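The structure appears right after this line, and notes come after that.
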Amino acid sequence: MFTPNTSEDAVENLIDKSLLETDHEGSYWLHPLVREFAYDDLENKIEVHEIAMQYYLSLSLPEERTSKEDIQPLIEAHFHACRAEDYNKALNIIIDNKLHEDLDRWGNSRTLIDLYLDLLPKDHFSDTSLLDNPQSHSAVLGNLGSAYFNMGQVEKAVEYYENALVIAKEIGDRWGEGNHLGNLGNAYLNVGQVGKAIEYFQKALAILKEIDDRRGEGSVLGNLGNAYRNMGQVEKAIDYYEQALVISKEIGDRRGEGNALVSLGNAYSYLGQVEKAIEYYQKALVISKEIGDRQGEETGLGNLGSAYSYLGQVEKAIKYYQKALVISKEIGDRRGEGS
């Protein structure tokens, strides 16, 4: 750090030698190579990272968070907590500040993967854990699975879900078990193994009802609807979607409500009732925009594009597809870009 007492000549000399860099607005930083040597020379690196973590945690954040940039100080704090080998603190930074919910809603799956990978040993599926609580370790593996799933890496997602499920069963974590089963069902549904998916969904639903997890129950009901729609049993699918919609409204789960509306739109589109489908898609899109759900917004725009294309309104369809593609590229959704 440089103070007003620092020799201006010395500073200029360092800049001339490219050892110090500046934005010419009063901020200075060391050249990366110099910074690396300086870091290597430190005797207590852990203490330095602890100080850095506390510094970033002390920074104020915008009241309304709308993008990754708004939570960058927390991401930096997480990085330094891991480098200080305080992995439990790093996980708490994610949990206490709802980083998973925000990054997931904004479609920043790659960032989520980086955050969670830092909490695992080199062998991600070994018996050792960097975290004190095995339930936390199971949750981290499951969350990594979901992030990989959202990136379109379904096989990798299954690997993480299965390892998370093993731990949840071993420690009697019923909530974790139910959620991991549901996620596995979703993954198998995604690769066309519908019968296997339904088995997982039914097991998950039984557990989530047993522990009275209404949000989880609504999510699995929606996924069961997807499975039956894929089998051509659309009326049965609609029944599941409507059950999911009722639960979402009852508990105030806006994202779940949006998902159920999209699913109902898909079902009516399948039945050829495209105008009715568009009504559901529009309602879902309003919710996605309202809660900042970028992935949901992308899906809604794409569905509207497909609906208007079916109706022969090609120009309108193209506009929706283009909007969906912009969001898909922004959030790195390879599945959306390829659709």
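Can you tell me the mean projection area, over all orientations, of the convex hull of region 118-212's alpha carbons? Units nm², please.
For the Cα atoms of region 118-212, the hull's average projected area reads 6.0 nm².
Please give the direction-averaged projected area of the C-alpha convex hull for region 53-92, in square nanometres with one decimal.
Taking a quarter of the hull surface, the average projection is 2.8 nm².
Counting alpha carbon pairs within less than 8 Å and at least 6 residues apart, what relative contact order, in whole percent, applies to region 118-212?
22
Mind checking the dipole of region 118-212: about its Cα centre, +1 per Lys or Arg Cβ, -1 per Asp or Glu Cβ, Debye to the nearest 20?
300
In what sequence, highest mean first, do 219-228, 46-55, 174-183 appear when ranked by Cβ atoms within 10 angstrom?
The packing order, highest mean first, is 219-228, 174-183, 46-55.
HN-Hα J couplings of region 285-298 from phi, Karplus 6.51/-1.76/1.60, θ = phi - 60°, integer Hz, Gly and Pro as x?
Per-residue couplings from phi come out as 5, 4, 5, 4, 5, 4, 9, x, 8, 5, 5, x, 5, 4 Hz.
Quick one: check the C-alpha center-to-center distance for region 267-283 versus region 84-136, whole angstrom.
Between the Cα centre of region 267-283 and that of region 84-136, the gap is 39 Å.
Along region 85-97, what does the Karplus equation 6.51 cos²θ - 1.76 cosθ + 1.60 (θ = phi - 60°) give for ³J(HN,Hα), rounded to whole Hz, x for Gly and Pro?
For region 85-97, the Karplus-derived couplings read 6, 9, 5, 5, 5, 4, 5, 5, 4, 5, 5, 5, 9 Hz, x marking Gly and Pro.
Using packing as a proxy for protection, rank 298-308, 246-256 so that the peptide with the highest average count of other Cβ atoms within 10 Å comes first.
298-308, 246-256
Values in this text are rule-based calculations from the coordinates and carry no lab data. What you see is a predicted model, and the numbers here were worked out from it, not measured in a lab. FYI the Cβ positions are ideal-geometry reconstructions off the backbone, even for glycines, and counts take in every protein chain you see.
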